[in-house]
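Structure first, then comments.
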Amino acid sequence: MYPAEIKEYHKPDSVEQVLEIIANHEEGESLLLAGGQSAMQAIKSRMLRPQCIIDLQDLQELKTINDESETLKIGAMVRYCELAKSSALNINFTGLKDAAAHVGDRQVRNRGTIGGSVCWNYAAACTPAAVLALDGSMHLISSGGETKVICADDFFLGPLDTAKSESDVLVSVSFKKPKTRSGSAYKKWGLVKDALPVVGIGAFVKLDSNGSCYEARIALTGMGVGAQRATAGETLLLGSDGDLQSIEAATESICANIDAPTDLSATSDYRYQLIRSIGTEVILTAFKRASI
Amino acid sequence: MTSTKDSSSIEWLGERLARKEDLRLVTGKGKYLADIAMPGTLHAVFVRSEYAHANIIGIDLTEAESLPGVIAIYTGENIKDRINPMPQAIVQPNLSAKYPTFWPLAVGKVTFHGEPVALIIARDKYIAEDASELVLVDYEELPVVLDPEKALTRNSTVVHEKDGTNEIFSMTFTGGENEESQNSNEAEVNAIFDSAPVVVKERFKTHRTGLTPMEPRGVLCDWNESDGLTAYITTQRPHIDRLALSDILEISAEKVRVIAPRDQGGGFGVKAPFYRENIIIAYAAKSLGKPVRWIESRYESLMNVGQERDQINDLEIAADLEGNLLALRNKGIADNGVGTTGVYWGFVMPFLGAIELPNAYKWPKAHISLKVATTNKACLTPSRAFGHFPTRFALERCIDMVAHKIGMEASELRRKNLVDALPYTSVTNEYYDSGDFLKVWDTLVEKADVPAFRKRQSEALNENRYIGIGFGCGVELSGVASDLLVPMENQPGYGAATVRLDPRGKVQVFGGDAPGGQGHETTTAQVVASEFGIDPAAVVVTTGDTGTTPFGSGSIGARAGSYFVSAVADACRELKEKITRILAYDLKIEARAEHFEFTDGEVIYIGDRSKKSSFVSIVERIIMFPINLPENEVGGLDATAFFEAAKPMICFNADCCVVEVNVETGDFKILKWITTEDVGNVINPLVVDGQMHGAIVQGISNAVFEEFVYDDQGQQLTADFENYKLATAADVPNIDIHYATTPCPHTPLGTRGIGEGRPSSVPGALTNAVCDALMPLKIEITELPLRPNSIWEKIQQSKQT
Amino acid sequence: MHISDSIDIKMPRQIVFTALTDVEILRASIPGCESLEALDEAKYSAIILSKIGPLKLRFKGQAELLNIVEPESYTIKGEGSGGPAGRAKVTAHVTLLENNNSTTLTYDVNAEIGGKLAQLGGSLIKNTAMKLATQFFQTFTESLSNSVGKLPPVDVANTSACMSISRKLVIAGTLLGGAIALLAIL
Amino acid sequence: MKNIKLTVNGEKFEEQIDNRLLLVDFLRDNLSLTGTHVGCTYEGVCGACTIHLDGDAVKSCMLLAVQADGHNITTVEGLSAEGSLSNLQQAFNDEHGLQCGYCTPGILMNMADFLTENPNPSDEQIRHGLIGNLCRCTGYVHIVRAVKKAAKMLKDGAREDRT
């Protein structure tokens, strides 16, 4: 399978140029290409037939991780391999590292980017779920040049669907650094190692000075709807110090409140079991990391 | 033919020689089919059926034909009067069956999702794909036949109407040739079951899975009036393809040359059939007078080939309380798919599976029958351990269930019933020529140390960890003698090789079989080197070109280590006879071949080691200076030998694996895989190890990860590696190999052919280990794939009862 | 693939039924509808452009209407083809239950997906179809609220009116079927 | 059509190509570097087409050739000087790390990159590193052994290695 005709290809080196090229095309004609590790599948299978490809690889300004005092700002073109190695993610955002380190394979991680992944929001993808759990914010620049910040809860709308409009460019994903102790973790299960998640779970907990959880976020993927919050489980962690009983109650509550599909990879019941099993492990790890 | 070895032949045999072929392969200089360049080559893309079963009402080519760059488009309608239909005798087994009639492109109707409907020829492959999107096929859907059991019922829709039934093949394998003796045999077996103290009866299902060589198929054809057709095909049997192309396209055989590229990206049986795509690409090249190339995409490949194992076996074992096996009864049903694949037609696989079902055990009595149903799915394709991967899974699993019922160690029960004296003829009349099954078994069990394991197992259980041990074994064909191959595939089984010496003392070997990565260049060179006492570097091996090689039935059924190298050795020995005759004459001594030693580049008279010649000089003398020769002798050193064992030959292996199951999720990890092999004398342990590793991991990958899935309309849902999952390096264990060999007495080098059947013992051993781990929950698994999801479901069921 | 769901529409059943046959409302309610065309008395065709994120797939669909029991239920049989992308065949059974001037609309869809759609779609097909259906009914309900009172009364006894209803329902079916197909791409 | 300039295995090329041409096809068909193989369709799962793009192992079937404009590419043909083998290639030969050889170029390219990051890898790390390369012949056992051996050779400085 080879791509259908692509009339134009651009490799701009600034966001302004990107916006200009988008503006010169009808809506839906142009496609922003980040790492291309998902988009190229769609282009080669001809499910996606862009008239104009705007390749973002030369946007140096989108390739840095800025560890600022209150936030961690990750450029949209930062690759998985860089996330997996970045010490800037060590303290609070290990969950994103967990996810990035196991996306696809080495070759995919050498090319695929955080921005590409969150904008594609594939039905079963690790990065959007980790970003959602970690309460990331998407920084976009729209056609007029104005900046928009959309929080993860409002950004991920469904499989392949996000709040980013076609004329927006995602420039970075930022995370607020918690003022108290916090920990995060992400893990997935697939039939073969590091495959697209049949179930993937990310958790983020913030603890007060007594080691008691005052804020928790849990996100899931693999349920056919892209990254999704599992709020039902989160509330049951409040006040917990990471005891197994509350964590199991939380995963049980997630199962009771979320639809899990049956498909070629797993039955619905098995997905629930994976939520229990992996969820417990992930939340425990998040607590453990917060307690260090 | 001689079976004794002179001392010099030991040197290179058994050497862990690094492979010769690697030097080009690791530097990117291999020449696979897609790498062969021919100026002006046109590119072919198939339009394939989107339906599993539908009438073709019409095909509109208008738009596609008008696309610039499109050269020609073929459809079933416009080729059916110009190409002979299949079946043709050359690719039709000598088995009574209902062979479907078909052309390379569907005529009238399509019978599976992915069937070729039209062929586009264009200047560029991108344009060819553009054009394929513009071909409009009007289909009228027909009811689909997908369940093999329902397919065999009277009311079922029939896939191939001319037959009036979907039962493409059926056979009873025990009780002799006629129905009466078969019936009386069945009655005797029934009587044993009626009175046996222990009977286990289960339905075992294996899913549709098989092998996927990393290089998909491909064909590159060229035509000119004087040479005729030259066809490069990814194939394991170029000589058969040549005859088939000649017959079907009515091109006189001397004008057809088939070349299997020297480098092929794996075969495993998938490249053994004669495929319809070969025919139409050759036809297009001939019609257009230009080279035409088709490279199969993975998507096409997964929709069309590599699908095997799809069987249901209703298997029963009768035993006594001491663990003696009394009788075996099996009714097999196989899902053939459409059956439109030359040589195998689908049912040849389950046919062999039924023959090989009894395995290495002594069965006093057995009744084994098989029915094979045509369905609207891709035709079964040979895949390593073909046919018996399913039946051995059923048998090895069932044996464990018998052991559980009696309360005996399954490994002990197996040992008790292994064939302990060879030769032996199995209940299905398969001949086991030689070997020592008990030696192989005892070596394995010693390495596995079952008592120590049981201790560890109960300790682990106290910590709520579930570990288990599983066993399995397999008698495998070591090459296929004409005795079996003629009736089975209408082809000869002998091995053939030409050995040609040149005046510089270098050797060329020509073989008609076409390997796909098994290391034949190196192992063959080792055989020649050991025969002539020269360096393997001096040996060049050419395979797969029908223009230069002697006839061979193909690189199939572990023929290399058994038949091909034996023919090579025999050809070498014929040349050695001539060399020594002339050398003795030159040295003025009375001596025959056995009085000479070929070693270290010299030919030495054993009786007086000062009487000798360098290998190069005597060879050059015979080829270049053929004067002053003995009476009736002429110059030249070139010999072709054919090797056929009087009876079929076998090899034997046994597997033990240890797993840990997570009872919370059903996930499991293979902690250890130990195997013991009788492969006869080993030419190159590196290569043999590699064959075993690969086969075992293929078995694991088939059993656990891979599955071809069709939906209820017959749509194939697993046409990419995202959905058809192969095991990655991170999913499979290391393999611990031990050898317990018995040299084969029937081959000149004592070697056995290995590798083809090797995966067959894997699914049983693996599933047995998982069930052993779950013994406290009394779980017996009878279906593949062995997925954490289904294991977890079993655990849930067990907890409820 | 089987999908069923129901929604409550705060309108009397007859109005809902009539609206379901109003071509303008339907056209507005079904995302990406590019054209509608009557082929003959019983067959209609439509072209829908479906967008799912960056994927845009154009489907051509045809449908017919069966078993109309006004205002209680009807069945739509539709087929949509996205060319090389694949196809979908949909049978949708719609029932309307009235309680207290409100209507519970239940739809029960059986869809057969074929071609690349089925192969590349995986588990997303159902989810996306559900999402589309939700979107459809959301817009439909809004349109209905906006246009209530403007709808012409339906004379059940009038055969030609029934015919026209059928035509319009056909279109609805086409669109629903096509939409499911489109969304299956993922 | 677009004009691209790039360096492949140290050699500079300038070519006029279609926007839609895949990098793997450009390397194979335009530059006749047929060591880079294709083993899957659109999914990019098999890894047989792995090359180095500015030193990183990536799959050349998941890139358009135009994207490589201005970049530096190494294919398996550039892994060692003509007539010699790199340590990694030699280790694959020594340990029988390949059978049919179809997946091998991709594996070598991935592992060459892997070893620069993991000079002292465990079996488990190697297996994890190999996830992006499917091999059907070897069962991976000898591949793992070969990579381990290559790591040792590199460490011992057994020979000059250009990777």
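Within 10 Å of each Cβ of C:8-18, how many other protein chain Cβ atoms are there on average? Before the final figure, lay out each step's value.
On the way: counts 0, 0, 0, 0, 0, 0, 0, 0, 0, 0, 0.
The per-residue average across the peptide is 0.
Report relative contact order for the range D:2-78 in percent, whole number only (criteria: Cα-Cα under 8 Å, sequence separation at least 6). Write out the running numbers ahead of the final one.
Numbers: 149 pairs, mean separation 31.0, N = 77.
Once normalised by length, the contact order is 40 percent.
Once you have the Cα-Cα distance between B:E463 and B:E65, take 0.36 nm times their residue separation minus that, and quote the gain in nm to one decimal. Can you show the working numbers first?
Values: separation 398, 0.36 × 398 = 143.28 nm, distance 7.05 nm.
Computed gain between B:E463 and B:E65 is 136.2 nm.
At a threshold of 8 angstrom on Cα-Cα distance, excluding pairs fewer than six apart, so keeping six or more, what relative contact order does the range D:87-156 reach in percent? Please list the in-between numbers first.
Values: 71 pairs, mean separation 37.9, N = 70.
Dividing the mean separation by the residue count of the range D:87-156 yields 54 percent.
Over all residues in B:174-186, what is the mean tally of Cβ atoms on other chains that come within 10 Å of each residue's Cβ?
Details: counts 0, 0, 0, 0, 0, 0, 0, 0, 0, 0, 0, 0, 0.
Across the residues of B:174-186, the mean count of other-chain Cβ atoms within 10 Å is 0.
Given 0.36 nm per residue, what is the gain on full extension from B:T801 to B:D608 after removing their alpha carbon distance, in nm?
Details: separation 193, 0.36 × 193 = 69.48 nm, distance 8.28 nm.
Going from the current span to full extension adds 61.2 nm.
Given H placed 1.01 Å from N in the peptide plane, which residues other than close sequence neighbours of B:A385 have an amide H under 5 Å from its amide H?
The answer is B:G757, B:R758.
Relative to the present Cα-Cα distance, how much length would full extension add between B:S252 and B:D600 at 0.36 nm per residue of separation?
On the way: separation 348, 0.36 × 348 = 125.28 nm, distance 4.71 nm.
Extra length available between B:S252 and B:D600 comes to 120.6 nm.
Putting +1 on Lys and Arg Cβ atoms and -1 on Asp and Glu Cβ atoms, find which of B:V270, D:N120, B:Q698 reaches farthest to the positive end of the dipole of the protein assembly as shown.
Positive-end residue among those listed: D:N120.
How large is the convex hull of the Cα atoms of the range A:1-125 per residue, expressed in Å³ as a whole number?
Working: hull volume 15.0 nm³, N = 125.
Cα-based convex hull of the range A:1-125, divided per residue, equals 120 Å³.
Along Cα→Cβ, 7 Å out, is where each label goes; now give me the distance between the ones at A:S69 and B:E225 in nm to one decimal.
Reported label-point gap for A:S69 and B:E225 is 8.9 nm.
Taking N as the number of residues in chain A, what is its Cα Rg relative to 2.2 N^0.38 Å? Kindly include the intermediate steps, with their values, before the conclusion.
Details: Rg = 18.9 Å, N = 292, 2.2 N^0.38 = 19.0 Å.
Rg over 2.2 N^0.38 Å, computed on Cα atoms: 0.99.
How many Å³ per residue does the convex hull of the Cα positions in chain B occupy?
In chain B, the Cα hull volume divided by residue count equals 175 Å³.
What's the ranking of D:60-72, D:39-51 by average number of surrounding C-beta atoms within 10 Å, highest first? Spell out each step's value before the answer.
Numbers: D:60-72: 23.0, D:39-51: 27.6.
Ranking the peptides D:60-72, D:39-51 by packing returns D:39-51, D:60-72.
Given N residues in the range A:8-54, what is Rg(Cα) / (2.2 N^0.38 Å)? List each step's numbers first, then the result.
Working: Rg = 10.8 Å, N = 47, 2.2 N^0.38 = 9.5 Å.
Dividing the Cα Rg of the range A:8-54 by 2.2 N^0.38 Å gives 1.13.
Roughly what would the spin-label model give for A:E29 and B:K439, points 7 Å off Cα along C-beta, in nm?
Computed distance between label sites A:E29 and B:K439 equals 7.8 nm.
In percent, what relative contact order does chain A have, based on Cα pairs under 8 Å that are 6 or more apart in sequence?
Working: 704 pairs, mean separation 46.7, N = 292.
Reported as a whole number, the value is 16 percent.
For the range B:304-324, list residues with backbone N below 12 Å from a point placed 7 Å from the Cα of B:N183 toward its Cβ?
Counting only backbone N, you get no residues.
Find out how many positive minus negative residues lie around B:R16, taking Lys and Arg as positive, Asp and Glu as negative, among other residues whose Cβ is under 12 Å from that of B:R16. Could the numbers behind the result be given before it?
Working: positive: B:R19; negative: B:E15, B:D689, D:D94, D:E95.
In short, -3.
Based on the Kirkwood radius over alpha-carbon pairs, what is the Stokes-Einstein translational diffusion coefficient of the range B:530-660 at 10 °C with 1.306 mPa s viscosity, in µm²/s? Present the calculation step by step, with values, prior to reporting the outcome.
Working: Rh = 17.3 Å.
Answer from the Stokes-Einstein relation: 92 µm²/s.
Of A:A133, D:L33, B:I233, which is farthest towards the positive pole of the protein assembly as shown's charge dipole, taken about the Cα centre with +1 and -1 on the beta-carbons of Lys, Arg and Asp, Glu respectively?
Projecting each Cα onto the dipole axis, the largest value belongs to A:A133.
Each residue of the range D:52-64 in turn: what ³J(HN,Hα) in whole Hz from Karplus with 6.51, -1.76, 1.60 and θ = phi - 60°, glycine and Pro shown as x?
So the Karplus estimates, Gly and Pro as x, are 9, 10, 6, x, 9, 6, 9, 8, 6, 7, 9, 10, 7 Hz.
Please list 3J(HN,Hα) in residue order for the range A:138-144, calculated via the Karplus relation 6.51 cos²θ - 1.76 cosθ + 1.60 where θ = phi - 60°; whole Hz, with x for glycine and proline.
9, 9, 10, 10, 9, 3, x
Determine the dipole magnitude for the protein assembly as shown: charges of +1 sit on the beta-carbon of Lys and Arg, -1 on that of Asp and Glu, nothing else is charged, the reference point is the Cα centre, and the result goes in debye to the nearest 20.
Numbers: 138 positive and 183 negative charges, 290 e Å.
It works out to roughly 1400 debye.
Taking each residue in A:35-43, count the Cβ atoms of any other chain within 10 Å of its Cβ, then average. What number comes out? Please report the intermediate quantities before stating the final value.
On the way: counts 3, 6, 5, 3, 2, 10, 9, 7, 6.
Taking the mean over all residues of the peptide, I get 6.
Can you compute the modelled spin-label distance between B:L422 and A:L157, with each label point 7 Å from Cα toward Cβ, in nm?
6.9 nm
Name the residues whose placed amide hydrogens come within less than 5 Å of the amide hydrogen of A:E215, ignoring near sequence neighbours (fewer than 5 apart) on the same chain.
Under 5 Å from the amide H of A:E215 lie the amide H atoms of A:K206, each far enough along the sequence or on another chain.
Rounded to the nearest 0.05, what FRET efficiency do A:R49 and B:R504 give with R0 = 51 Å and r taken as the Cβ-Cβ distance? Could you check? All intermediate terms of the calculation are to be shown ahead of the outcome.
On the way: r = 60 Å, r/R0 = 1.17.
Computed FRET efficiency for A:R49 and B:R504: 0.30.
Consider a paramagnetic label point 7 Å from the Cα of C:L66 along Cα→Cβ; state which residues of the range C:94-110 have an amide N under 16 Å from it.
C:94-95, C:108-110
Could you give the semi-axes, largest first, of the ellipsoid that matches the range A:43-93, computed as the square roots of 5 times the alpha carbon gyration tensor eigenvalues and rounded to whole Å?
Working: eigenvalues 181, 34, 15 Å².
Those come to 30, 13, 9 Å.
How large is the charge dipole for the range B:49-142, taken about the Cα centre, if only the Cβ atoms of Lys, Arg (+1) and Asp, Glu (-1) carry charge, to the nearest 20 debye?
Details: 6 positive and 14 negative charges, 130 e Å.
Here the size comes out at about 620 debye.
Would you compute, for the Cα atoms of the range D:33-163, the largest minus smallest coordinate along each principal axis and list the three values in descending order, in whole Å?
So the extents along the principal axes, rounded to whole Å, are 40, 30, 26.
Residue farthest toward the positive end of the dipole of the protein assembly as shown, with Cβ of Lys/Arg at +1 and Asp/Glu at -1: which of D:L98, B:N224, B:G58?
Farthest along the dipole direction, towards plus: D:L98.
For a distance above 43 Å, tell me the whole-number percent of Cα pairs in the protein assembly as shown that qualify.
Numbers: 509733 of 1038961 pairs.
The share of Cα pairs beyond 43 Å in the protein assembly as shown comes to 49 percent.
Can you compute the charge dipole magnitude of the range A:64-176 about its Cα centre, using +1 on each Lys and Arg Cβ and -1 on each Asp and Glu Cβ, nothing else charged? Give it in debye, rounded to the nearest 20.
Details: 10 positive and 13 negative charges, 94 e Å.
It comes to approximately 460 debye.
Can you work out ³J(HN,Hα) from phi for every residue in the range D:108-121, in order, using Karplus 6.51 cos²θ - 1.76 cosθ + 1.60 and θ = phi - 60°, giving whole Hz and x for Gly and Pro?
With the stated coefficients, the range D:108-121 comes to 4, 5, 5, 6, 4, 5, 4, 5, 5, 8, 10, x, 9, x Hz.
Could you calculate the FRET efficiency of B:K362 with B:T165 from 1/(1 + (r/R0)^6), where r is the beta carbon distance between them and R0 is 51 Å, rounded to 0.05?
Working: r = 37 Å, r/R0 = 0.73.
Calculated transfer efficiency: 0.85.
Consider a paramagnetic label point 7 Å from the Cα of C:N110 along Cα→Cβ; state which residues of the range B:135-177 have an amide N under 18 Å from it.
From the range B:135-177, the list is B:141-147, B:157.
FYI, it's all coordinate maths here, none of it is from the lab. A quick note: this is a predicted structure, and the numbers were derived from the prediction, not measured. In this analysis, Cβ positions are derived from the backbone assuming ideal geometry, glycine residues included, and neighbour counts consider all displayed protein chains.
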